[in-house]
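*Asks:* Provided herewith is a single structure, encoded as structure tokens, for subsequent inquiry.
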Amino acid sequence: MSDQDILALLKTDLDISVDSTTGAGIQIENLLNKYISLAKVAISTEGATLGTTLSDEDGTLVMMYAAFLYRKRRDALVAMPRQLRYMLNNRVLSEKARETE
């Protein structure tokens with residue numbers, strides 16, 4: 001899954017529809033792309049490893065984390081959604097289990 005695919009999913013999840021050809025639309029897309037990059041770093045910090053080519057599952061995880069970061073910017077007290085925490089924990093635990101085999 002490419003970053004453009006993740007961006008399209010993220011805009012849908014956040015209910016953002018912008019014209020990519022306008023100045024405001026470009027700024028919003030640049031902001032969302034930064035959240036996608038931040039999400040990838042945060043996921044790595046959590047202990048999960050993302051490949052250079054993202055699977056659909058990895059792309060969805062990145063999109064969900066980016067959406068969480070975007071929503072959290074307004075309210076620092078927003079808790080991480082359970083589904084996102086569950087996906088991260090499963091990802092990290094499955095990687096650790098493969099390492100011990």
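*Asks:* Where the eigenvalues come from the Cα gyration tensor of the chain, what are the semi-axes √(5λ) of the equivalent ellipsoid, largest first, in whole Å?
*Replies:* They are 26, 16, 10 Å, listed largest first.
*Asks:* Can you compute 3J(HN,Hα) from phi for each residue in region 63-76, using the Karplus curve 6.51 cos²θ - 1.76 cosθ + 1.60 with θ = phi - 60°, rounded to whole Hz and x for Gly and Pro?
*Replies:* 4, 5, 5, 5, 5, 4, 4, 5, 5, 6, 4, 7, 9, 5
*Asks:* Please compute the per residue accessible area over the chain with all protein chains in place, 1.4 Å probe, rounded to a whole number of Å².
*Replies:* Computed with neighbouring chains in place, this is 64 Å² per residue.
*Asks:* Additional query: With a 1.4 Å probe and every protein chain kept in, tell me what percent of the accessible surface of the chain is carbon plus sulfur.
*Replies:* Ligands and nucleic acids excluded, carbon and sulfur reach 53 percent.
*Asks:* With θ taken as phi - 60° and the coefficients 6.51, -1.76 and 1.60, list the Karplus ³J(HN,Hα) couplings across region 41-52 in order, rounded to whole Hz; mark glycine and proline as x.
*Replies:* Values per residue, Gly and Pro as x: 5, 5, 5, 5, 5, 5, x, 8, 10, 9, x, 5 Hz.
The values are calculated or read from the model by the stated rules, or taken from the named source; none is laboratory data. Just so you know, these numbers come straight off a predicted model, no measurement behind them. These accessible areas exclude ligands, DNA and RNA; they are computed on the full protein's heavy atoms, side chains included. Shrake-Rupley method; radii C 1.70, N 1.55, O 1.52, S 1.80 Å.
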